[in-house]
Amino acid sequence: MGTGERILVVEDDVELCSLLCALLQAEGYLADGVHRGDAAVDRVTADCPDAVVLDVMLPGMSGYEVCRKLKFSRDTNLIPIVMLTALDTDEARDRGLLVGANRYLTKPFEPARLPQELAWALDHRRQLQAGRTRTSVELHMSSDSRHREQLNDLLSELFLHTPLSEDDVERIRYAVMEMTQNAIEWGNRRQPNLTVTISYEVTDDAVKITIRDQGPGFDPTCVPHAASDDDPVRHMPIREKLGLRDGGFGILISKGMVDKLEYNHTGNQVTLVKFFRPGLRGD
């Protein structure tokens, strides 16, 4: 049950908006609604709610753009957003870069699902705040390199939240772009129906970026197509044979760009960490 948190419901269908508010009020939340995307941004900016339930199809401004604006603002970045959408459609995937929503619900959904997802999102925010997280954004990128420019723009904007130098920013940008391309190319095998998720967090001490693909994973200690300290050119014949992009130094070079680069045990998730203070390793 909710404990009196204030929830803003953004839904252009007036009747559905009232039903969603009534559902949340029955669960103990204080729910209010607006029916336009631009009105939602104004309301949240003026009087930050504890969470937002956001439809995709809205007049004035789409739910995607509302989500982007709220997540790119330092004042509203940590407000949980539960998006009501149909992400399983080709049309939604074709949007490429989806920014920020903490949870997604596909219409139609069982009434009990919304309070469940909202409770999860609010609890996640509490955990972030307990860990002194100041900025948190999650991206969902189609396995299509056309959207690399959008990712690059996003990283440039998010780095405004950190005290890192321009040189550090460029190094981390390189590492993120390289690891994202690896996830698209080797993890998801460029299958357009598979996504790459990029989680970005800024704390008082560091920036942490986690890149996860939907592929089967690999053994990070044995990568025949990558450079290594012992044999920095071993990747070249394999890449030439397979017709892959030049390079192969990605993992090796990226390790030198950040303070930590760690894969999970299945090899389909890599975490990059850069600390703001020299010598701070967080071990």
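Here, each number is a calculation from the coordinates, and none is a lab measurement. Note that the coordinates shown come from a computational prediction; the quantities given were computed from them, not determined experimentally. Here the Cβ positions follow ideal geometry from the backbone for every residue, glycine too, while neighbour counts run over all protein chains shown.
Here are the numbers for this structure:
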| item | result |
| --- | --- |
| Protection proxy ranking, peptides 50-63, 25-38, average beta carbon neighbours within 10 Å, highest first | 50-63, 25-38 |
| Gain in span if fully extended, E65 to R190, counting 0.36 nm per residue against the direct Cα distance | 42.4 nm |
| Proximal lysines to K69, defined as alpha-carbon separation beneath 17 angstrom and excluding residues fewer than eight positions away on the same chain | none |
| Förster-model FRET efficiency, 25 Å R0, F109 and E138, C-beta, rounded to 0.05 | 0.80 |
| Relative packing of peptides 190-197, 269-276 - highest average C-beta neighbours within 10 Å first | 269-276, 190-197 |
| Eligible lysines near K274 by straight Cα distance, threshold 21 Å, same-chain separation 8 or greater | K208, K255, K260 |
| Pair Q127, D42: separation of 7 Å Cα→Cβ label points (nm) | 3.7 nm |
| Check: the stretch 1-87 dipole with +1 on Lys, Arg Cβ and -1 on Asp, Glu Cβ, in debye | 360 debye |
